[in-house]
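Below: the structure, in structure tokens.
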Amino acid sequence: MPHPMPSADNLQRHATGRLLLVEDEMTLAGPVMRGLEEEGYLVDLAQDGVEGEMLALSETYDVLLIDWRLPRMDGRTLVERLRKQGYSQPILMLTALRDVDHKVAGLDAGADDYLTKPFSFEELMARLRALLRRVPQTASATLQPVHLKAGPLEMDTARRRVRYGPTTLQFRTKEYQLLELLMRHQGEVLSRSVIAERIWGSVYDVTDNAIDVTISGLRQKLAAAEPKDGAITVETVRGVGYALHVAGG
Ligand code: CA
């Protein structure tokens, strides 16, 4: 029996994502949440900066929408704290029209874009779509946070933390995403075009050099922290691609 074709409406709804709105003014948050939910987004609300940080780090969101003026912890501090902890999802900052300096300060703190209040819903949707296009598939909310393991290498995707034997490793965002992709596909060889699509969004958005630099950065950090009970390496499979190799242990 043939599968029924999904309607255009269903396709639209599946194309959206999961969002966290951090905003204390319910006169703004209420209508924005309802509008986003009508567009098919799943939206969580945090009403102060502390709750926002807790939710952002414990749940998986495609984009964060953070207001500048918040109780308990202001939006700028929240963005700075998240970025310092390695949080790499896109962040859209909401600022009031009178606070012109906040735009630059918000971007400096690590926000990807900002929107000036009052904004139209169409404007918000356009910014969100642009940010969602940048979300790499490995970090999408469609994947549940999990604990990944390859020999002595362990990754906690909810906290974006990697332990290698006794050592906690620090990676650049792309290195981390590449390692997560390789760990999720243990035993498989990933081609450069698959790596480009999954981490950079498309083969057209990345140069060969950027892929090489990311792979060699990942290799160096793994080699530098290699524990006694086994080694994890990123092997080149000539003419095919790359694979995670677990030796010893
Ligand atoms: Ca506010």
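Worth a mention:
- For the chain: Kirkwood Rh in Å [reciprocal of mean 1/r, alpha carbons]: 19.8
- Between 0 and 90°, nearest 10: helix 121-133 axis offset from the chain longest Cα axis: 0
- Ala111 sits among other residues whose Cβ lies under 12 Å from its own Cβ, and their net charge, with Lys and Arg +1 and Asp and Glu -1, is -1.
- Ligands, DNA and RNA left out, the 1.4 Å accessible surface of the stretch 145-246 is 49% carbon and sulfur atoms.
- For the chain, the longest principal axis of the alpha carbon atoms and the long axis of helix 49-58 meet at an angle near 30°.
- For the stretch 47-71 versus the stretch 223-245, the inter-centroid distance based on Cα atoms is 36 Å.
- Given Lys84/Lys221; Lys117/Lys174; Lys84/Lys174, the pairs whose alpha carbons are separated by over 26 Å: Lys117/Lys174
- Mean shadow area of the stretch 41-83 over all directions, Cα convex hull, nm²: 2.8
- Note that the chain presents 53 Å² accessible area per residue, ligands and nucleic acids not counted, probe 1.4 Å.
- The stretch 8-139: Rg to Rh, with Rh as the Kirkwood radius over Cα pairs: 0.94
- All-pairs Cα distance distribution in the stretch 180-249, expressed in whole percent, bin size 5 Å: 3, 16, 25, 27, 17, 7, 3, 1, 0
- Carbon + sulfur, % of accessible area of the stretch 8-139 - ligands and nucleic acids excluded, 1.4 Å: 50
The values are calculated or read from the model by the stated rules, or taken from the named source; none is laboratory data. Here the structure is a predicted model, which means the values were calculated and not measured. Note: ideal-geometry Cβ built from the backbone for every residue, glycine included; neighbour counts use all protein chains shown. Keep in mind that these areas ignore ligands, DNA and RNA; they rest on the heavy atoms of the full protein, side chains included. Shrake-Rupley method; radii C 1.70, N 1.55, O 1.52, S 1.80 Å.
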